[in-house]
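This report concerns only the one structure given below.
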Amino acid sequence: MQGLRKIMPATFMAALVGLAACGESADSSSPIQASNPVVLDDSQPQSWSVYQGAPADVLRLRQAQIRDPGFFGRDMVAITLMVPVDWQDRGAVSWADTLCQLRMQQIQWEAVSANGRERIQIMPAEGWITSRSNMGGSEPDPNGCPDWTFASLREYFQAWIDHHRPGARVLDFEIDPATSQALIAALPTMPAMEGMEFSNRAEAGRLLLGYQENGVEFREVLTTGVMFMHYAMHMSSYGAGPDFQMTSLTASTLPMFTARAPAGELDFDRLEVFTSTLSMDPAYAQEVSRFYAGLNRTRMDGERDRHQIRMDTINYIGQLNRDSYNSRVDSMDRSSHQFSQTMREVQTWVDPVSRQPVELPMHYRNAWRMSDGTYLMTNNDGFDPWRDMQLSGDRMQVGGR
């Protein structure tokens with residue numbers, strides 16, 4: 001499955017870490033104000049506009065925006081990425097009416113080719129918490145996070161397929177060791193404590209599906225990562241009864257990235273354009289971080305007067321989870337600088353109109369910013385957009401940030 005390695009650079013995962021919240025949620029006294037969830041209805045045919053294509057050696061791109069329309073009191077750009085100019089996109093970020101912090105923020109977005117045969121999607125992150133003790137079996141999460149038992153990326157993939165792609169055939173699956181390690185690095189390392197054992201684990205990878213739709217055989221790649229935080233506590237009763245033992249698994253996924261096309265037409269070079277140029281808006285990332293930090297403070301204030309042994313145990317585990325989330329948000333900014341543009345296979349050009357840096361795929365020697373705001377790229381040194389396509393634009397220069 002060598003070709004699949006190209007569609008999930010570590011930076012794609014690093015960019016989305018901040019959108020997969022981890023940890024306990026706020027008290028019921030501080031509920032979130034949910035926005036209407038985005039639902040992409042594929043039951044009706046879509047009307048996509050058609051663009052008369054560029055020469056085969058010319059790539060024409062535009063910047064697509066995934067927006068949060070008002071959760072923070074104003075319409076904000078959450079994520080940007082480059083897509084072919086003739087592709088249409090739709091969707092946004094919404095917030096679920098839940099106290100499970102792992103599942104509050106929901107991305108639902110897709111882009112479709114002009115002929116409707118190719119599609120990419122970003123679908124919501126998920127999370128679950130499973131706690132077990134020897135004093136009563138299951139410990140349900142008080143904020144309503146699912147009590148799932150998936151303990152590997154492969155198990156989660158299968159559950160996702162059963163729900164979203166029922167009947168699809170799994171053709172191949174692989175773990176990406178490098179990206180898995182990058183996700184582990186985004187989780188905190190906790191000091192050893194008496195009676196408490198904890199460990200972090202992460203798996204990132206992709207899976208190839210085959211299925212038929214309306215008589216057409218499709219291939220689809222699913223890409224995501226799962227971060228697991230395991231806790232085990234042992235508290236001695238000093239002979240007053242059985243020792244108290246508790247284990248807890250908190251798991252959170254990154255948003256699911258999917259790409260599909262008819263069998264034999266899945267273009268990995270094109271998919272690389274999407275993943276390599278994906279970026280989270282810094283202002284939006286700051287708002288998300290501030291929001292979750294506020295939830296965590298509210299939760300901590302409400303817990304100060306709780307002194308029962310079992311509640312203290314549960315709250316301590318919750319604190320570890322919250323620390324995990326805060327550490328991951330902090331690491332998001334660090335990760336964006338740690339991974340070089342060479343790894344992402346992009347390079348910075350200067351937009352001659354806005355004078356702002358723009359990241360585009362690095363495998364092209366020539367780039368133009370067109371008058372309509374799109375971008376043309378080619379390795380054909382003799383290409384002229386006005387002569388060859390009757391399109392006006394300005395040549396771009398390579399530049400730094």
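Results for (1) among the hydroxyl-bearing types (Ser, Thr, Tyr); (2) modelled with pLDDT under 90; (3) over 27 Å from ASP384 (Cβ atoms), shown as yes or no for each residue.
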{"residue": "GLY73", "(1), (2), (3)": "no, no, yes"}
{"residue": "MET82", "(1), (2), (3)": "no, no, no"}
{"residue": "GLN88", "(1), (2), (3)": "no, no, yes"}
{"residue": "GLY91", "(1), (2), (3)": "no, no, yes"}
{"residue": "CYS100", "(1), (2), (3)": "no, yes, yes"}
{"residue": "VAL112", "(1), (2), (3)": "no, no, yes"}
{"residue": "ILE120", "(1), (2), (3)": "no, no, yes"}
{"residue": "PRO124", "(1), (2), (3)": "no, no, yes"}
The stretch 29-55, residues that are more than 29 Å from ASN214 (Cα to Cα) and either modelled with pLDDT under 75 or touching a Cys at 6+ places or on another chain (Cβ under 8 Å) (or both): SER29, SER30, PRO31, ILE32, GLN33, ALA34, SER35, ASN36, ALA54
Over 30 Å from ASN134 (Cα atoms), touching a residue at least 12 places away in the same chain (Cβ under 8 Å) and not hydroxyl-bearing (Ser, Thr, Tyr) - does that describe any residue in the stretch 239-250? no
Taking the conditions exactly as written (touching a residue at least 40 places away in the same chain (Cβ under 8 Å) and in contact with an Asp or Glu (Cβ under 6 Å, 6 or more places away or on another chain)), does VAL216 satisfy them or not? no
Can you find a residue that is surrounded by fewer than 22 Cβ atoms within 10 Å (Cβ to Cβ) and in contact with a Leu (Cβ under 7 Å, 6 or more places away or on another chain) anywhere in the stretch 230-237? yes
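Condition check ((1) over 25 Å from SER279 (Cβ atoms); (2) in contact with a Leu (Cβ under 6 Å, 6 or more places away or on another chain)) across all residues:
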site: TRP128; (1), (2): yes, no
site: SER131; (1), (2): yes, no
site: ARG169; (1), (2): yes, no
site: ALA185; (1), (2): no, no
site: ARG206; (1), (2): no, yes
Those strands (runs of 3 or more DSSP E) completely within the stretch 59-169 that have 1 or more residues that are among the charged types (D, E, K, R) and over 30 Å from GLY294 (Cβ atoms) are 88-95, 105-112, 119-123, 127-133
Go over the candidates ASP68, ASP57, ASP75, ASP97 one by one and state the one that is closer than 27 Å to GLY225 by Cβ and surrounded by fewer than 17 Cβ atoms within 10 Å (Cβ to Cβ). ASP97
So, in the stretch 126-144, how many residues would count as being at pLDDT 85 or above and in contact with a helix residue (DSSP H, G or I) (Cβ under 8 Å, 6 or more places away or on another chain)? 4
Working only within the stretch 253-286, note down all residues that are part of a helix (DSSP H, G or I) and touching a strand residue (DSSP E or B) at 6+ places or on another chain (Cβ under 6 Å). LEU271, VAL273, PHE274, SER276, TYR284
LEU208 being within 17 Å of ALA125 (Cα to Cα) and either touching a helix residue (DSSP H, G or I) at 6+ places or on another chain (Cβ under 6 Å) or surrounded by 15 or more Cβ atoms within 10 Å (Cβ to Cβ) (or both): no
Test: residue in the stretch 214-231 that is more than 30 Å from TYR364 (Cβ to Cβ), of a type outside the set (D, E, K, R), more than 16 Å from the chain's Cα centre (by Cα) and modelled with pLDDT under 85: yes
With respect to PHE150, is the statement that it is surrounded by 15 or more Cβ atoms within 10 Å (Cβ to Cβ) and out of contact with any strand residue (DSSP E or B) (no Cβ under 6 Å at 6 or more places or on another chain) true? yes
If I go through the stretch 334-374 residue by residue, how many of them are among the small types (Gly, Ala, Ser), crowded, with 17+ Cβ neighbours inside 10 Å and modelled with pLDDT of 90 or more? 1
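The values are calculated or read from the model by the stated rules, or taken from the named source; none is laboratory data. Predicted, not measured: the structure shown is a model, and the values here were computed from it. Counting neighbours? That spans all protein chains shown, and the Cβs are built from the backbone with ideal geometry, glycine included.
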